[in-house]
Ligand code: ADP
């Protein structure tokens, strides 16, 4: 059993930089958790504290129920996959895979069995005699995964392992990591700045900003019910549109916009009557055409034909908005004025001062 638990974990670099702030996190045994957030938000530091590569300034980290604050990395039984694969260039793939086990004086017969199993799972058999420089980036990353796998650790820690790969390979490796986790379910923490990677890999996603955890939830929860404007804007691509609106009786308004607000957010919005709030609408939820009480007009500025769909940049009053999922065959041109609608259940509202979610409609 290898649950991971972080309680009030803080990291200060010197007296000035508070990189990780009061992080509480419970990761279940065999769960795959993705830490995501913009560069500098503290996700690598959090991972490195779990690995034991950084000291903890305060708080407690447990792995498998055992407090590991003062345990050296090698005594934590974690395996880490880095962005730069950190393979030994002068050794064959086989020897790279064997290296850690030989250091632990594991018998060669057992090493061979572990490598055979990892090679089977990761498709490395043909590569075992090669040197790392004779491998593609994706193959090197697979060897790096294999090196973790042969150790059969309690926990896998991934630090942006795919960011050196091109987009196509990244998508392939994502699938391989998912398959690996299905075959060898091991508690995993995966750090990435890429929300698509986090959403596709994580059983749960932890969104961080400025050293703090903003929200922890399944991919669907953080997408459908973001707790604040930051999470709403960070998760989902293209990013959510935000428009400042004034709350009226059963509706919200802005220049060029009047949208009926239905229960339950109608009730939650009541305490904002006469005041401004921030309306959030995802680009993929905007549809062409009229839905009574839920439509507005926007001026098309840029048309991006993707073949499968059209992406639009449009202007709603003074605000630029993005519209996705317009049918590829639709005839839309720059300068057109379009009727757009938001189906029920697709509106988000945020407090303009705290940025906290008010309610959706
Ligand atoms: P992320 O992985 O989210 O990009 P990091 O955890 O690497 O962010 O860094 C969090 C913050 O801590 C950043 O502002 C970074 O500049 C700072 N930081 C990271 N490592 C050090 C260090 N060794 N000394 C001082 N500041 C650091």
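Assuming R0 = 45 Å, can you tell me the calculated FRET efficiency for the pair residue 262 and residue 67, based on Cβ-Cβ distance, to the nearest 0.05?
Plugging the Cβ-Cβ distance into 1/(1 + (r/R0)^6) gives 0.35.
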Q) Separation between the residue 176 and residue 315 pseudo-spin-labels, each 7 Å from Cα along Cα→Cβ, expressed in nm? A) 4.8
Q) Using mean Cβ contacts within 10 Å as the protection proxy, how do 324-331, 77-84, 200-207 order, highest first? A) 200-207, 77-84, 324-331
(Q) Full-extension gain between residue 75 and residue 356, please, as 0.36 nm times their residue separation minus the C-alpha to C-alpha distance. (A) 97.0 nm
Q. Label points 7 Å out from Cα along the Cβ direction at residue 24 and residue 308: separation in nm?
A. 4.0
Q: For the chain, calculate the relative contact order in percent as a whole number, restricting contacts to Cα pairs under 8 Å that are 6 or more residues apart.
A: 15
Q. Just from the alpha-carbon atoms, what are the Rg and Dmax of the chain in angstroms?
A. 24.4, 76
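When Rg is the radius of gyration of the Cα atoms in the stretch 18-104 and Rh is its Kirkwood radius, what does Rg/Rh come to?
1.00
Find how much the distance from residue 116 to residue 136 grows on full extension, using 0.36 nm per residue of separation minus their present alpha carbon separation; answer in nm with one decimal.
Gain on extension, residue 116 to residue 136, equals 5.1 nm.
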Q: For the stretch 289-336, just the Cα set please: Rg and Dmax, both in angstrom.
A: 10.9, 31
Q) Where does the Debye-calculated log10 I(q)/I(0) of the stretch 63-155 sit at q = 0.19 Å⁻¹, using only Cα point scatterers of equal weight, no solvent? A) -0.87
Q: Could you estimate the translational diffusion coefficient of the stretch 180-250 from the Stokes-Einstein equation, with Rh from the Kirkwood formula over C-alpha pairs, at 4 °C and 1.567 mPa s, in whole µm²/s?
A: 94
Q | Isotropically averaged projected area of the stretch 137-221, using the convex hull of Cα atoms (one quarter of hull area), nm² | A | 5.9
**Q.** Estimated FRET transfer efficiency when R0 is 35 angstrom, pair residue 330-residue 163 (beta carbons, to 0.05)
**A.** 0.50
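If you average the sequence gap of Cα pairs under 8 Å that are 6 or more apart and divide by the length of the stretch 241-360, what percent do you get for the contact order?
That works out to 29 percent.
Calculated FRET efficiency, residue 8 and residue 200, Cβ-Cβ r, R0 30 Å, to nearest 0.05?
With R0 = 30 Å, the Cβ-Cβ based efficiency is 0.50.
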**Q.** Backbone N within the stretch 32-64 under 11 Å of label point (7 Å from residue 104 Cα along the Cβ vector)
**A.** none
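Provide, as a two-decimal number, the C-alpha radius of gyration of the stretch 241-360 over 2.2 N^0.38 Å, N being how many residues it has. Each step should come with its number before you reach the end.
Details: Rg = 14.4 Å, N = 120, 2.2 N^0.38 = 13.6 Å.
Working it through for the stretch 241-360, the quotient is 1.06.
Laboratory data are not the source of any read-out in this text; all were calculated from the coordinates shown. A quick note: this is a predicted structure, and the numbers were derived from the prediction, not measured. Every residue, glycine as well, gets a Cβ built from its backbone with ideal geometry; the counts of neighbours run over all protein chains shown.
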